[in-house]
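See structure below.
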Amino acid sequence: MKCPYCGNIDSKVIDSRPADDGARIRRRRECLECGKRFTTYEIVETVALMVIKKDKSREAFDREKLLRGLMRASYKRPVSYQMLEDIVNTIEQNLLSGYEREVSSITIGELAMVELKKIDEVAYVRFASVYRQFSDINTFMDELKDLLNKQTLGS
């Protein structure tokens, strides 16, 4: 593994432990040239998951893109980065455990909304407003009313 500090390719593993519920392995390494330590992650290589976008174009699934969208929706909300990482991990595992190698962006958006709704309703409404592209205030209000009705029924 190439050292991020000096560029040397020789390093030794100091510590190794599971990360993300065993989906990845975190390795602590030490460069044999400069002696600095750095962390790497090892993951199982999977078949690429393709996303079919609304315009029917296709692109590779990008967990970072999904995470950025969730972060924007939960900006200045009491939602930790780890909670968002967990949502992305849940969605990715859900998609990879299916038999399909192509999934629509609509499916990913719906899964994200389900998970966001569980942790923060404001972040959920923010995400839904962008994802569902509310065309006017009435559509937005309908979504809010639906959310409020479900709260009232749940109380």
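Accessible area ranking (1.4 Å probe, heavy atoms, ligands and nucleic acids excluded), largest first, for Tyr41, Tyr75, Tyr124: Tyr75, Tyr41, Tyr124.
Computed FRET efficiency, Cβ-Cβ of Phe38 and Arg63, R0 22 Å: what is it to the nearest 0.05? Intermediate values should be presented prior to the final figure.
Working: r = 22 Å, r/R0 = 0.99.
Efficiency, from the Cβ-Cβ distance: 0.50.
Pairs exceeding 22 Å between alpha-carbon atoms, taken from Lys53/Lys76; Lys12/Lys36; Lys65/Lys117: Lys53/Lys76. Peptides 139-145, 65-71 ranked from most to least packed give 65-71, 139-145, packing being the mean of other C-beta atoms within 10 angstrom over each peptide's residues.
Dipole check for the chain: with +1 at the C-beta of Lys and Arg, -1 at the C-beta of Asp and Glu, and the Cα centre as origin, the magnitude is about 440 Debye.
In nm, what is the difference between 0.36 nm times the number of residues separating Met141 and Ser97 and their Cα-Cα distance? Present the calculation step by step, with values, prior to reporting the outcome.
Details: separation 44, 0.36 × 44 = 15.84 nm, distance 3.55 nm.
Gain on extension, Met141 to Ser97, equals 12.3 nm.
One chain, two ends: Glu45 and Glu85. Fully extended at 0.36 nm per residue, the span grows by 12.5 nm beyond their Cα-Cα distance. Taking Lys and Arg as +1 and Asp and Glu as -1, the other residues whose beta-carbon sits under 15 Å from that of Val103 total +1.
Ranking request for peptides 15-27, 99-111: highest mean number of other beta-carbon atoms within 10 Å first, then the rest in descending order.
Working: 15-27: 12.6, 99-111: 14.8.
In descending order of packing, they fall as 99-111, 15-27.
Note: relative contact order over region 34-155, using C-alpha pairs below 8 Å and six or more positions apart, is 26 percent.
Using the eigenvalues of the Cα gyration tensor, what equivalent ellipsoid semi-axes result for the chain when each is taken as the square root of five times the eigenvalue, whole Å, largest first? Each step should come with its number before you reach the end.
Numbers: eigenvalues 290, 70, 41 Å².
Ellipsoid semi-axes (Å, largest first): 38, 19, 14.
Find out how many positive minus negative residues lie around Ile9, taking Lys and Arg as positive, Asp and Glu as negative, among other residues whose Cβ is under 10 Å from that of Ile9.
Numbers: positive: Lys2; negative: Asp10, Glu33.
With Lys, Arg at +1 and Asp, Glu at -1, the neighbours total -1.
Solvent-accessible area per residue in the chain equals 68 Å², computed with a 1.4 angstrom probe and all protein chains kept.
Only protein atoms count toward the accessible area here, which uses a 1.4 Å probe; on region 5-131, the carbon and sulfur part of that area reaches 52 percent. Of the residues Phe61, Val122, Gly109, the one whose Cα sits farthest toward the positive end of the charge dipole of region 1-122, with +1 on the Cβ of Lys and Arg and -1 on the Cβ of Asp and Glu, is Val122. Counting charges near Tyr75 (Lys, Arg +1; Asp, Glu -1) among other residues having Cβ under 12 Å from its Cβ returns a value of +4.
The values are calculated or read from the model by the stated rules, or taken from the named source; none is laboratory data. This is a predicted model, so every value here is computed, not measured. Virtual Cβ from ideal backbone geometry, glycine too; neighbours counted across all protein chains shown. We work out accessible area using only protein heavy atoms, side chains counted, and drop any ligands, DNA or RNA first. Shrake-Rupley method; radii C 1.70, N 1.55, O 1.52, S 1.80 Å.
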